[in-house]
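A.B. asks: Provided herewith is a single structure, encoded as structure tokens, for subsequent inquiry.
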Amino acid sequence: MDLVAILSLLVSSTIVYSTPLIFTSLGGVYSENSGITNIGLEGIMTMGAFSSIMFNLTFASSLGKITPWIGLIVGGIVGLIFSLLHAVATINFHADHVISGTVLNLMAPPLAVFLVKAIYDKGQTENISQSFGYFNFPGLADIPVIGQILFQNTFAPAWVAIIVTIILWWILYKTRFGLRLRSCGENPQAADTVGVNVYGMRYVGVLTSGLLGGIGGAVFAEAISGNFSISTIVGQGFMALAAMIFGKWNPLGAMLASLFFGFAQSISIIGNQLPLFNHIPSVYMQIAPYAITIIILVLFFGKSVAPAADGQNYIKSK
């Protein structure tokens, strides 16, 4: 295998594994910039994965190739509804953000598996027949070397995620809405005094995280696992959380950190096809992404400064 072929395989695998993390970490960025800590991203991804697979299995025969794309929307909507529990608990009832997020993570897997058992009478679904597949960028794929590496056999949802990242960065840092959202995460009392609806903005932040986290779970299920079981989403939400912290609560930073974690995951999957890595025992390759996540959190958590009011409940009467 020549160098171009190796790079092509590595890039292709990296963007596939990065895409769910990009969407989910972007959701975390918006939630925490509004002042609501959301460690329930794992649970939200689980519900998005479950609902997208259910939709795919049900409608693939009638909708054809567009099925996985609609499945992303379905997963996002279900994730948004599921995150509403976190929003109500933390914003209206002033619950501890970490405990509320933990409840989402504990609730989602058994709820989803129970529904799978009730519908299919077994612990996991069948494999889906319609997935995203790969495509070649018209024109760009013909560029020598670069085209083969970046634009041949590439993954369409990854490029959607990159476009969404740029749009969300622009909204957060270049619009009045973004300024108001960030003010609720920095100083909600001051934001309230100038007429910003702190509760409303925080709802927007949490529900955005639910929408994007559900889409992230749907991408993972429809592009990587191919079905749904209790082990479909294992650690992906926490990796996305780590990417958000590593990216310093910035959409562009979260995307780059997600690409890094996606690279670590892809190495663990395709390492036996790559020179040097194929001599490393598979068990080490499998634990590498999670070990890297822990190391990154230890190294950067203290150095990355979260929004000042992140995780703090706001009571309007005070």
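The values are calculated or read from the model by the stated rules, or taken from the named source; none is laboratory data. All values reported here derive from a predicted model rather than from experimental measurement. FYI the Cβ positions are ideal-geometry reconstructions off the backbone, even for glycines, and counts take in every protein chain you see.
A.B. asks: Answer yes or no as to whether L212 is touching a Leu at 6+ places or on another chain (Cβ under 6 Å), over 18 Å from A158 (Cα atoms) and hydrophobic (A, V, I, L, M, F, W, C).
C.D. replies: For L212, the condition - touching a Leu at 6+ places or on another chain (Cβ under 6 Å), over 18 Å from A158 (Cα atoms) and hydrophobic (A, V, I, L, M, F, W, C) - is not met.
A.B. asks: Against the definition (modelled with pLDDT of 95 or more and either closer than 21 Å to G262 by Cβ or among the basic types (K, R) (or both)), how does L21 come out, yes or no?
C.D. replies: Here the answer is yes, as L21 does meet what is asked.
A.B. asks: Of all residues in segment 131-155 being hydroxyl-bearing (S, T, Y) and either modelled with pLDDT of 90 or more or surrounded by 14 or more Cβ atoms within 10 Å (Cβ to Cβ) (or both), which is nearest to I224 (Cα to Cα)?
C.D. replies: Only one residue fits best here, namely S131.
A.B. asks: While we're on this one: Among the listed residues T46, T90, identify the single one that is under 26 Å from G133 (Cα atoms), part of a helix (DSSP H, G or I), among the β-branched types (V, I, T) and out of contact with any Lys or Arg (no Cβ under 7 Å at 6 or more places or on another chain).
C.D. replies: T46
A.B. asks: Determine which member of the set L85, L57 is within 29 Å of Y314 (Cα to Cα), among the aliphatic types (A, V, I, L, M) and crowded, with 16+ Cβ neighbours inside 10 Å.
C.D. replies: Among L85, L57, only L85 is within 29 Å of Y314 (Cα to Cα), among the aliphatic types (A, V, I, L, M) and crowded, with 16+ Cβ neighbours inside 10 Å.
A.B. asks: Just for segment 291-307: of the residues that are surrounded by fewer than 17 Cβ atoms within 10 Å (Cβ to Cβ) and under 24 Å from S225 (Cβ atoms), which one is modelled with the lowest pLDDT?
C.D. replies: I294
A.B. asks: Determine whether segment 32-40 contains at least one residue that is of a type outside the set (A, V, I, L, M), at pLDDT 95 or above, in a helix (DSSP H, G or I) and in contact with a helix residue (DSSP H, G or I) (Cβ under 9 Å, 6 or more places away or on another chain).
C.D. replies: Yes: segment 32-40 contains one or more residues that are of a type outside the set (A, V, I, L, M), at pLDDT 95 or above, in a helix (DSSP H, G or I) and in contact with a helix residue (DSSP H, G or I) (Cβ under 9 Å, 6 or more places away or on another chain).
To keep it simple, each residue is scored yes or no on (1) touching a residue at least 60 places away in the same chain (Cβ under 8 Å); (2) in contact with a Cys (Cβ under 9 Å, 6 or more places away or on another chain); (3) over 29 Å from A254 (Cα atoms); (4) not basic (K, R).
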residue: L80; (1), (2), (3), (4): yes, no, no, yes
residue: T90; (1), (2), (3), (4): yes, no, no, yes
residue: L104; (1), (2), (3), (4): yes, no, no, yes
residue: P109; (1), (2), (3), (4): yes, no, no, yes
residue: V113; (1), (2), (3), (4): yes, no, yes, yes
residue: D121; (1), (2), (3), (4): no, no, yes, yes
residue: T154; (1), (2), (3), (4): yes, no, no, yes
residue: W159; (1), (2), (3), (4): no, no, no, yes
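A.B. asks: Counting just the residues of segment 16-34 that are crowded, with 24+ Cβ neighbours inside 10 Å and of a type in the set (A, V, I, L, M, F, W, C), which one comes out farthest from the chain's Cα centre (by Cα)?
C.D. replies: Filtering segment 16-34 for residues that are crowded, with 24+ Cβ neighbours inside 10 Å and of a type in the set (A, V, I, L, M, F, W, C), the one farthest from the chain's Cα centre (by Cα) comes out as V29.
A.B. asks: Still on this structure, please answer the following. Consider Q189 against the criteria (1) touching a Lys or Arg at 6+ places or on another chain (Cβ under 9 Å); (2) surrounded by fewer than 17 Cβ atoms within 10 Å (Cβ to Cβ); (3) within 28 Å of T67 (Cα to Cα): it satisfies all of them except one. Which criterion is unmet?
C.D. replies: Q189 satisfies all of (1) touching a Lys or Arg at 6+ places or on another chain (Cβ under 9 Å); (2) surrounded by fewer than 17 Cβ atoms within 10 Å (Cβ to Cβ); (3) within 28 Å of T67 (Cα to Cα) except (3).
A.B. asks: In the set A264, A240, which member is touching a residue at least 24 places away in the same chain (Cβ under 8 Å) and under 14 Å from the mean Cα position of the chain (by Cα)?
C.D. replies: The match here is A240.
A.B. asks: On the given criteria, is G237 under 19 Å from T293 (Cβ atoms), surrounded by 24 or more Cβ atoms within 10 Å (Cβ to Cβ) and either touching a helix residue (DSSP H, G or I) at 6+ places or on another chain (Cβ under 9 Å) or not acidic (D, E) (or both)?
C.D. replies: yes
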